[in-house]
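Where a number appears in this text, it was derived from the coordinates with a stated rule and is not lab data. Remember, it's a predicted structure, so these values are computed and weren't measured experimentally. Glycine also receives a Cβ, built like all others from the backbone with ideal geometry; neighbour counts cover every protein chain displayed.
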Amino acid sequence: MISLDLHRSDDFVASHLRDGLENRVKAAHRAIINKTGAGSEWIGWRDVLASPNDALLEEISLQGKEIRERADVLVCVGIGGSYLGADAVIKALSPYFRAAKDEVVEEASLFEPGASTGKTPEVLFAGHHLSGKYLTELLDYLEGKSVYVNMISKSGTTLEPGIAFRVIRDWMEARFEDSSRRIMATTDAERGALRALATEKGYRTHIIPDDVGGRFSVLTPVGLLPIAAAGFDIRSLFYGAVAMMKEIDTSENHAALDYAARRYALHESGFTTEVLSVFEPSLSGFGGWWQQLFGESEGKEHKGIFPTTCLFSTDLHSLGQYLQEGRRNVAETFLTLGDDRGHITVPEWDSDADGSTADGLSFVAGKTFSDVTQAALHGTMDAHVQGGVPVQHLEIERLDENALGGLIYFFEHVVAIGGYLLGVNPFDQPGVEAYKRAMYERLGR
Ligand code: PA5
């Protein structure tokens, strides 16, 4: 369940926008459901949820199991929508310190001695930037390990993953006789260079549906295979999204519609930047996914809210100053957890005769880190509102696969409504071609 509290942003909405938006939001909501709006040929991300393919979920889970049993590292090669979703979910659900939670494989028969350590594999990413230093050091790190590779590209021609994959494929072929079993590809059903290569080499493949754009693809094999390999329950993730879609589709008073309406009203009232603020570091990757979803969907025709993220309280010691007193065009959405598992308690410290301690922090002794985080959350929200920042607050009960699936669909629906309210097609991204053209020209294409 997602709860939404908008009251801290009420006073920032221009008076002419307080009423009258409801009908436009409902119309946008219906245009998504009925596929009657701009770019509706790209709404396949709803279709995959409307008709769950359980056989595919099972197949991906089994491949994930194979990777967990045979690999020390899974390298996922992809950029933008072909990596951010998997990165977000894996970071959100993984323990901070892997060694403490590593599972030992139960069915040892499936991997040859020395082929794998038998622990949950690390999922690493490549091809998501142009750092040659990163790639060199990645290959050094992989030396001597049991490696699987998942190349993810819908077009098969994107430069960053394409050139990284050339290097990684050579490396794999030089080291593993069964490299064509260890390399998998997630790509278009028929078209593209990667599809042709996969057929030639006999790689196992998964299909990115034609009508699903990159930033909406986390609940397709693009995101699901890496997430399954990292040891998470993709069925629960997927069905969390299915449930959220049903919940939103059957209510025109859902929090998703209220949040979409408020974001748009704030945009029209001059708040052209939205910060997604989280207190749990493992949600930083989710912020990266959210940022692409909103930036690429809304930022066109010189319109849209600029999406950015903050990790608190870390960033309260850096960007906190700007948020409190900088240019007043920033709105903030806090994304918090009902149960943050912060039960660890602040210990007492020897006090002086007058009861004070050298660090002056005895007032926190005996409180849990959750208590302190709650005080920081509410204190920050109050301070930012007083400083002129409209605050919206979203909370999910807990951080698990099912809740994350729901949250993913929630934001996808919100951004689709947001695009329609702005009058743009939320499902294309024509602007990203410009840098590619200029770069290719310089590279002599
Ligand atoms: O959202 C998008 O469409 C983009 O971010 C793409 O996912 C990204 O450019 C990668 O494209 P491809 O999967 O074709 O390599």
Binned at 10 Å starting from 0, the alpha-carbon pair-distance distribution of the stretch 300-340 in whole percents comes out as 22, 48, 24, 6, 0
Cα pairs beyond 21 Å in the stretch 219-307, in percent, come to 49
So the FRET efficiency between Asp19 and Trp349, C-beta based with R0 = 51 Å and rounded to 0.05, is 0.40
One would report the antiparallel percent of DSSP beta bridges in the chain, rounded to the nearest 5, as 15
In nanometres, the difference between 0.36 nm per residue of separation and the alpha-carbon distance of Lys145 and Glu41 is 33.1 nm
Residue span Asp371 to Ser3: 0.36 nm per residue of separation minus Cα-Cα distance leaves a gain in nm of 130.5 nm
Scalar couplings 3J(HN,Hα) for the stretch 36-43 by Karplus 6.51 cos²θ - 1.76 cosθ + 1.60 (θ = phi - 60°), nearest whole Hz, x for Gly and Pro, are 10, x, 4, x, 5, 5, 9, 9
Hydrophobic long helices for the chain, i.e. whole DSSP H runs reaching 18 angstrom or more by Cα along the axis with Kyte-Doolittle mean at least 0.0, come out as 234-249, 401-422
Protection proxy (average C-beta count within 10 Å per residue), highest first, orders 17-27, 62-72, 216-226 as 216-226, 62-72, 17-27
Expressed as a whole-number percentage, the relative contact order of the stretch 44-232 with C-alpha contacts under 8 angstrom and at least six residues apart is 34
Highest mean packing first, using Cβ neighbours within 10 angstrom, the peptides 177-183, 73-79 sort as 73-79, 177-183
For Thr309, Thr186, Thr199, ascending order of other Cβ atoms within 10 Å (fewest first) is Thr199, Thr309, Thr186
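Compute the Kirkwood hydrodynamic radius of the chain, taking the inverse of the mean of 1/r over all pairs of distinct Cα atoms, and give it in Å to one decimal. Walk me through the intermediate numbers first.
Numbers: mean 1/r = 0.0426 Å⁻¹.
Every distinct Cα pair counted, the radius reaches 23.5 Å.
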When all Cα-Cα pair distances of the stretch 44-232 are considered, the percent exceeding 26 Å is 26
To the nearest 0.05, the calculated FRET efficiency linking Phe306 and Thr136 through their beta-carbon distance, R0 being 51 Å, is 0.90
Eigenvalues of the alpha-carbon gyration tensor of the stretch 322-445, times 5 and square-rooted, give semi-axes in Å, largest first, of 43, 20, 18
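Looking at this model, which pairs from Lys65/Lys145; Lys65/Lys436; Lys91/Lys154; Lys35/Lys436 are more than 28 angstrom apart at the alpha-carbon?
Going by Cα-Cα distance, Lys65/Lys436; Lys35/Lys436 fall outside the 28 Å limit.
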